[in-house]
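Asks: Handing you this structure, nothing more for now.
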Amino acid sequence: MISSKIDFAKFKEILLKEKQRLQEKERRIDMRNSSASEGDEVSESADYDNHPADAATETESRTKDLALDENINFLLAQIDEALRKIEDGTYGACDRCRGMIIPERLKAIPYATLCIDCQDIVEELG
């Protein structure tokens, strides 16, 4: 176990709630996109009635949804990794230096994998 200062059960609960929230958001995006796809089948025959700006707006909306979906999937993977670390007792250890990630950082970003110093180094390196 990395530290007795870390309440693993509390962080597991936080992570599971965030996972559930993100999965619900992903479902809403998927439902919106499937509804739009069904509407596309009907509207293809009426494309001549649509203004080009309407098509651009729809394209922008789908592009935004794809980006959101990609971000959600990334965050879900981070959360799953944090949950795995809780199970194996390595949660709270920095992936780079193996030092302890301070509980305050984990409260802000419960799926953090780097301590603040290592995060700064990684960001400086770009």
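Here, each number is a calculation from the coordinates, and none is a lab measurement. If you're wondering where the values come from, they're calculated on a predicted model, not measured in any experiment. Cβ sites come from the backbone with ideal geometry, for glycine too, and all protein chains shown count toward neighbours.
Asks: Tell me which lysines have Cα within less than 23 Å of Lys64's Cα, excluding those fewer than 8 residues away on the same chain?
Replies: Qualifying lysines at Cα under 23 Å: Lys19, Lys25.
Asks: If you don't mind, there's one more thing I want to ask. Can you list residues from other chains, or at least 5 along the same chain, whose modelled amide H is less than 5 Å from the amide H of Ile101?
Replies: So Ile101 has HN proximity to Ala93, Cys94.
Asks: What distance in nm separates the simple spin-label points at Lys12 and Glu70, each placed 7 Å from Cα in the Cβ direction?
Replies: Placing both labels 7 Å along Cα→Cβ, they lie 3.4 nm apart.
Asks: Take each of the peptides 95-108, 61-74, average the number of other beta-carbon atoms within 10 Å over its residues, and list them starting from the highest. Kindly include the intermediate steps, with their values, before the conclusion.
Replies: Details: 95-108: 14.7, 61-74: 12.5.
Peptide ranking by packing, descending: 95-108, 61-74.
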